[in-house]
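Working notes, structure below.
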Amino acid sequence: MFLLSFIRGVQNDWLEKAEFDPYIQKAWNGLVSTIDSNGVVSGICEGTGVGTSVAFYNGRPTDYIDSAPGLGSVLKAIVAMQQYLSSD
């Protein structure tokens, strides 16, 4: 979601491209590292309510199959990155 937010910020002139491009590239590299050669995405947690401790958040399952909103965020970020790269 950070990747998507940074890209949208640059596209809407809310953020300076020169300043945020390194962060966009770093976020992209991080996202790509979670996708295996079969397209399986790891590390997405299921929907989360408000927790009362760090342990609550750290204990969230990360099975992408059960997290349609999380997988949707990954797909939106990939599309946004494609648009970002093709706008140069």
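Quick rundown of the values:
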quantity: Shape of the chain, Cα gyration tensor, a/c cut at 1.5; calculated: prolate
quantity: Stretch gain in nm, segment residue 2-residue 85, where the contour uses 0.36 nm per residue and the Cα spacing is subtracted; calculated: 28.2 nm
quantity: Ellipticity estimate at 222 nm from DSSP helix runs (n ≥ 4, -39,500 (n - 2.57)) divided over the chain, nearest 500; calculated: -18000 deg cm²/dmol
quantity: At least 18 Å along the helix axis (C-alpha) and Kyte average at least -1.0, DSSP helices within the chain; calculated: 17-32, 68-86
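Read the figures in this text as sums done on the coordinates, not as results from a lab. These figures come from a predicted structure and were not determined experimentally.
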